[in-house]
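The values are calculated or read from the model by the stated rules, or taken from the named source; none is laboratory data. None of the values given here were measured: they were computed from a predicted structure. Every residue, glycine among them, receives a Cβ derived from its backbone with ideal geometry; neighbour counts consider all protein chains shown.
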Amino acid sequence: MEVPRFALRAGPRRTIYYQPASTRMAIVCSGGICPGENDVVRALALDYGVREGNILGIRLGWRGFYSKTHKPIMLTRQAVEDIHLEGGTVLGTCEAGECNVMEVVKRLDLWAIDMLFVIGNRHDIDSAGVVQRMCDQCSVQCAVIALPKSIDNDVLMLDKCFGYETCVEEAQKALLAAKVEASSAYRGIGLVKLMGRHSGFIAVKQAALASGLVDVVLIPEAGYCRMTAPCLCCAALCCALQVPFNMDKVLNYMGRILDTRGHVVVCLAEGAGQVGTRGRAAGPRPQDPATCHETDSGSWMKGEIKKALKDVDAKYIDPSYLIRSIPATSDDRVYCKMLAHGAVHAAFAGYTNVAVGQVNTHVVYLPLHLLVQAPRQMDPQGELWNRMCAANGQPPFEGVADGPPRRALE
């Protein structure tokens, strides 16, 4: 999608509409943890002269606005000085649960918050937009600025999200471990599942390309669907299976590599081969992605390999929680600072209902609604995917299998 003409370059403005000495800010983190969150919180709290005691850190996501047991904390210089050295987020987060918009707006008004910074995924960006609209309806003067995060790098229009580079670097360690395990065993198969529910950027872009260890890469954009009747949310969000891969062709190719080299390394994005189910056996098809139940695609893939390939030693590695819990790398830390500075510049300049992100190598402001329309995905027939296939020699897996399935031969 082309960048709209009303995307604005981020940075300081000549005119500001808030005085730093009297401005009150609130920072909330929501969704799964991601490398760099503490760097963003630190940069928001430290670098702009807002008086200590005027910056609130909201605990455990949106619920922290109205929870009776988890009160907001004051983000003083002493409290945030060294948090960038730790993984996760000092504010805590919440992956489940909805945002009670009216309660959030009431607290913003009660606490006289001038600026709200939301660090979250596409769902939280959407919630931030709803909060902003409710603030307008209730005449609550508060600038709402979003800082998108996504380990999967699936936020529409943005070049990358913070934490992505860190995850790519860490993912290579899991691929190396799979290579060692597979090459050390008789007919060994190393299977690594990486993050990527709707997008396979981590599996392809640099994890497989940079490591040079992977023989087979499977991603949601070139996905194998096991659903006889896909639910509507899967059809909308899971890329509508643009180029579905044939599982028999994948297994036949793995079998040929085993016969010639003796081991195989497979990298699987978590959304590849994912199952969508009807929320209840007799209920209607779910309209909300939250009701689309998922299974472990790595365990499923290991089971398919065991059924189809004879006498193999398959090792399954899922490093997801190890990867997302580490501190950010130096490149990501610099990027986090750039985004945080851009977010504060936007709020002081009077902008609201915007997100800060990098587009075409420039940090810009974009309206929130543009980022939540759909997940950003890789073109399964594009340059990046074809470069990866050329690098590891992986053939196309779509279409009819080239010969009888391995399970039929054995």
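Remarks
- Which numbered condition residue 190 fails, given (1) outside any loop (DSSP other than H, G, I, E, B); (2) under 19 Å from residue 325 (Cα atoms); (3) of a type outside the set (Val, Ile, Thr); (4) at pLDDT 90 or above: (2)
- Candidates 149, 205 - the one that is out of contact with any Lys or Arg (no Cβ under 7 Å at 6 or more places or on another chain) and either on the phi > 0 side of the Ramachandran plot or at pLDDT 95 or above (or both): 149
- Considering 27, 83, the condition of being under 15 Å from residue 120 (Cα atoms) and either without any contact (Cβ under 8 Å) to a residue 60 or more places away in the chain or among the aliphatic types (A, V, I, L, M) (or both) is satisfied by 27 alone.
- Some residue of segment 94-102 being in contact with a helix residue (DSSP H, G or I) (Cβ under 8 Å, 6 or more places away or on another chain), farther than 24 Å from residue 148 by Cβ, free of Cβ contacts under 8 Å to residues at least 60 places away in the same chain and of a type in the set (A, V, I, L, M): yes
- Within the set 33, 119, 58, the sole residue that is closer than 23 Å to residue 139 by Cα, surrounded by 17 or more Cβ atoms within 10 Å (Cβ to Cβ) and in the same structural domain as residue 348 (by TED's automatic domain parsing) turns out to be 58.
- Single unsatisfied condition, residue 147 versus (1) surrounded by 24 or more Cβ atoms within 10 Å (Cβ to Cβ); (2) over 19 Å from the mean Cα position of the chain (by Cα): (2)
- Test: residue in segment 127-150 that is aliphatic (A, V, I, L, M) and in contact with a Pro (Cβ under 9 Å, 6 or more places away or on another chain): no
- The condition (being surrounded by 12 or more Cβ atoms within 10 Å (Cβ to Cβ), modelled with pLDDT under 90 and out of contact with any Cys (no Cβ under 7 Å at 6 or more places or on another chain)) is satisfied by just one residue among 18, 48: 48.
- Set 105, 144, 130: member being out of contact with any strand residue (DSSP E or B) (no Cβ under 8 Å at 6 or more places or on another chain), under 30 Å from residue 332 (Cβ atoms) and at pLDDT 95 or above: 130
- Number of residues in segment 180-209 that are within 17 Å of residue 302 (Cβ to Cβ) and either free of Cβ contacts under 8 Å to residues at least 12 places away in the same chain or touching a helix residue (DSSP H, G or I) at 6+ places or on another chain (Cβ under 9 Å) (or both) equals 9.
- Test for residue 225: is it outside any loop (DSSP other than H, G, I, E, B), modelled with pLDDT under 50 and not aliphatic (A, V, I, L, M): no
- Inter-residue pairs, beta-carbon under 6 Å, first farther than 17 Å from residue 311 by Cβ and in segment 248-272, second crowded, with 19+ Cβ neighbours inside 10 Å and among the acidic types (Asp, Glu), 6+ apart: 265/215
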